[in-house]
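> This is the structure I want to talk about, given as structure tokens.
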Amino acid sequence: MTLTLTLRTEPPARVLAAPLIPERLRALNASAVGALELRCGGETPAVGDLFEVSGAGTEQEVLVLSGDLRRFDGIGAHMSSGEIVVRGDVGAWAGAEMAGGVLRIFGNAGARLGAAYPGTRVGMTGGEIVLTGDAGEEAGAGMRRGLVAVAGRTGNGAGLRMLAGTVIALGGIGDEAGLGNKRGSLASGRPVEPLPSYAFATRYQPPALGMQLLRARELGLSVPDALVGGRWARWSGDRTELSRGEILIFDDEGSRE
Amino acid sequence: MSGYELGQTAIEDTFAEAFPMRYTRVLITAATEAWALEAARSMTGFATSVIGCKCEAAIERGLAAAETPDGRPGIAVLLFAMDREGVGKRIVERVGQSVMTCPTTACFDGLPGAQKTVALGQTLRYFGDGFQASKVIAGRRYWRIPVMEGEFLVSESVGVDTGVAGGNLVIGAAEEDVALAAAQAAADAMRGEGIALPFPGGIVRSGSKVGALTSKSMPASTNHQLAPTLRAQVDDTLVPDGVGAVFEIVIDGVSEDAVRESMRRGLHTAAGAGATHVTAANFGGKLGQFHFPLSELRDPP
């Protein structure tokens, strides 16, 4: 049985939703989950005050959050296993410093999706995030490992100071993507002008990206076949760092579906 | 000769004797099925007998694009060796020399979830001379090795399991062309999931015996008992009356059941394709852990 939290009403202030991760809710029944407290402004309302709780934490560790959650920050932050499915928009820091598991968001996300919290260097270190809408600024900032796949666009500064890992934006990555990128991969399904610290290498069919796109499709993203088997321009950078990172830009417009 | 008959084909009352071996499966994909097949053929070349080639390998089956990790057409290959270390050495050599070198290919673990693994991309990555990079996709690590064409993508490791090697059928007929046609039909029927027929076309014309009559250093020599030209020359010939040519099909499989059912398909197909005699090779039952009596294959598949 899946644990489902359905938003009752919009909270009066922003809520830190980071405690709502599968490994912490495992084996808790609905009333125990409802009694957990979350930080909301200066208050600590119970989960049951904010959400209608049904089901229970299970070994399958699937948590469903439903509603307009734009005021909920840190959904899936620090999760290391299990799966969270969000049906609605989410706030900032979703999947921040995530270490494992799957976060599927059927909606839009705020800033710093899968990124590092302020004051820490390393963001996501594992796991997968798929987002059917658009992401805010600095998605994947500080990312070390894992996958962030966005069906729409990412805001400016995606992959900021990325160490490794992959950020894909089928609708295109915003400006200044990959600043300070060491070994990470950014992929843009739409034309974008890379930073001057990136240099064009070639156009080719990147096999690993193709598999990551298939994986994103498996997790619920609508990925056109043309992107999976198409040609991408590879830009290497950031030259101010190791120059071992890459920005892949879909460059096969003739085959787009 | 004791045994039974399937139509006009005499089936000898004997058994095939087989041995446990370690094996792995790799999935080779490419831009086209033809290129995947080129790589698979190259990789499984000179891999007929573990005695002479250090491993036995063969194409298992073709894979539709929907069956492969990267959504491209592919070929599944099985490779057998005496132990896990042997599998590890041979798979790195063969993927490195025959798959990585082949245009457009990628190579994936075909035994995900196996308890034992051997390194593949983990070793081959050094060909990248420091420019290689890895990606973890759906919990599995792959290596991207930059090559002149683009990138070669390869699984970090491949699973290893215990299989059964050395199952066999020996097929004879009066005329060579008839015996060969029966053997070819049998080989075609015997291939399938979990089965490798490591010899050319799946068929051996030079079956061997352990050791030699004339030398102590020879590990194997011609099976003189089944050589029709020696029938009047040796006292211990096993060539039945009326048989002028004999072919052997050696079967390696992922399990005892897979080998048995492959043999059943081959036996009945050979009988329906003109073979006059079918028998099997063994070592008296003293060496191999697995025995496949032909009497147990009487029921059709």
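Readers should treat all values here as calculations from the given coordinates under stated rules, not as data from a laboratory. Remember, predicted model here, so these are calculated numbers, not experimental data. Every residue, glycine among them, receives a Cβ derived from its backbone with ideal geometry; neighbour counts consider all protein chains shown.
> Kindly express, to the nearest 10 degrees and within the range 0 to 90, the angle between helix B:256-272's C-alpha long axis and the longest C-alpha principal axis of chain B.
The answer is roughly 50 degrees.
> Using the 2.2 N^0.38 Å rule of thumb for compact globular proteins, work out how the range B:9-154 stacks up: its C-alpha Rg over that value, please.
Relative to the 2.2 N^0.38 Å estimate, the range B:9-154 comes out at 1.11.
> Could you please state, rounded to a whole Å, how far the C-alpha centre of the range A:222-239 is from the C-alpha centre of the range B:189-266?
Each part's Cα centre sits 52 Å from the other's.
> If you don't mind, there's one more thing I want to ask. Does chain B come out rounded, prolate or oblate by the C-alpha gyration tensor, with a ≥ b ≥ c the root eigenvalues, rounded set by a/c under 1.5 and, if not, prolate when a/b is larger than b/c and oblate if not?
Prolate, since a/c reaches 1.5 and a/b exceeds b/c.
> Under a point spin-label approximation (7 Å from Cα along Cα-to-Cβ), what is the A:Asp175-B:Glu85 distance to one decimal in nm?
Each label point is offset 7 Å from its Cα along the Cβ direction, giving 6.2 nm.
> Here's a follow-up. Using the Cα centre of the protein assembly as shown as the reference point, and only Cβ charges (+1 on K/R, -1 on D/E), how large is the resulting charge dipole? Debye, rounded to the nearest 20.
Computed charge dipole of the protein assembly as shown: roughly 1500 debye.
> So for the protein assembly as shown, what are the equivalent ellipsoid semi-axes in whole Å, largest first, each being the square root of 5 times an eigenvalue of the Cα gyration tensor?
For the protein assembly as shown, the semi-axes come out at 59, 26, 18 Å.
> Could you work out the Kirkwood radius for chain A, taking every pair of different alpha carbons, averaging 1/r and inverting it, reported in Å?
Answer for chain A: a Kirkwood hydrodynamic radius of 18.1 Å.
> Take the Cα radius of gyration of the range A:44-124 and divide it by 2.2 N^0.38 Å, with N its residue count; two decimals is plenty.
1.08
> So, one more: How do the peptides B:20-30, B:183-193 rank, highest first, by the average count of neighbouring beta carbon atoms within 10 Å per residue?
Working: B:20-30: 25.1, B:183-193: 20.5.
Highest-to-lowest ranking by the protection proxy: B:20-30, B:183-193.
> Going by how many other beta carbons lie within 10 Å of each one, how would you line up A:Tyr204, B:Tyr4, fewest first? Before the final figure, lay out the partial values.
On the way: A:Tyr204 15, B:Tyr4 12.
Going from sparsest to densest Cβ surroundings: B:Tyr4, A:Tyr204.
> Applying a 10 Å radius around every beta-carbon, put B:144-151, B:277-284 in order of their mean neighbour count, most first. Don't skip to the end; give the middle numbers.
On the way: B:144-151: 15.9, B:277-284: 20.1.
Descending mean neighbour count gives B:277-284, B:144-151.
> Could you derive backbone 3J(HN,Hα) for the range B:39-56 from the dihedral phi with the Karplus parameters 6.51, -1.76 and 1.60 (θ = phi - 60°), listing whole Hz in sequence and x where the residue is Gly or Pro?
Result, rounded to whole Hz: 5, 5, 5, 5, 5, 9, x, 6, 9, 8, 9, 5, 5, x, 10, 6, 7, 10.
> Give, in nm to one decimal, the length gained when the segment between A:Asn156 and A:Ala32 is fully stretched (0.36 nm per residue of separation minus the Cα-Cα distance).
Full-extension gain reported as 40.6 nm.
> Would you mind giving the mean number of other chain beta-carbons within 10 Å of the Cβ of each residue in A:141-149, as a whole number?
1
> Inside 10 Å of the C-beta atoms of A:216-223, what's the mean count of C-beta atoms belonging to other chains?
Counting other chains' Cβ atoms within 10 Å and averaging over A:216-223 gives 0.
> Any chance you could give the angle, 0 to 90 degrees and rounded to 10, that helix A:207-218 forms with the longest Cα principal axis of chain A?
In chain A, helix A:207-218 runs at an angle near 30 degrees to the longest axis.
> Additional query: When you look at the Cβ of every residue in B:147-153, what mean number of other chain Cβ atoms sits within 10 Å?
3
> Springs between alpha-carbon pairs under 10 angstrom, Gaussian network model over chain B: which of B:Ile249, B:Ile59, B:Ile51 fluctuates most?
B:Ile51
> So if I average 1/r over every pair of distinct C-alpha atoms in the range A:134-257 and take the inverse, what Kirkwood radius in Å does that give?
Working: mean 1/r = 0.0731 Å⁻¹.
Value: 13.7 Å, from the Cα pair sum.
> Then there's this: If I model a spin label as a point 7 Å beyond the Cα along the Cα-Cβ vector, how far apart are those points for A:Arg8 and B:Gln115 in nm?
5.1
> Next question. For chain A, with a Gaussian network of springs between Cα atoms less than 10 Å apart, report the residue from A:Val64, A:Val167, A:Val148 with the top mean-square fluctuation.
Fluctuation is largest for A:Val64.
> Right, another one. Which of B:Ser215, B:Ser262, B:Ser155 moves the most in a Gaussian network model of chain B with Cα springs under 10 Å?
Result: B:Ser215 has the largest fluctuation of those listed.
> Here's another thing I want to ask about it. Bin width 5 Å, alpha-carbon pairs only: give the P(r) of the range B:15-87 as whole percents, running from 0 to the bin holding the largest distance.
Per 5 Å bin, starting at zero, the Cα-Cα P(r) for the range B:15-87 comes out as 3, 18, 23, 20, 15, 12, 7, 2, 0 percent.
> Starting with the highest mean, order A:175-187, B:221-233 by the number of other Cβ atoms within 10 Å, averaged over the residues of each peptide.
Ranking, from highest mean packing down: A:175-187, B:221-233.
> Moving on to the next point. Translational D (Stokes-Einstein, µm²/s) of the range A:65-112 at 20 °C and 1.002 mPa s when Rh comes from the Kirkwood sum over C-alpha pairs?
210
> How big is D for the range B:190-301, in µm² s⁻¹ as a whole number, if Stokes-Einstein is applied with the Kirkwood radius of its Cα pairs at 37 °C and 0.692 mPa s?
Calculated translational D: 212 µm²/s.
> What percentages make up the Cα-Cα pair-distance distribution of the range B:116-225 when the bins are 5 Å wide from 0?
Calculated P(r), rounded to whole percents: 2, 9, 13, 12, 10, 10, 11, 11, 10, 8, 4, 1, 0.
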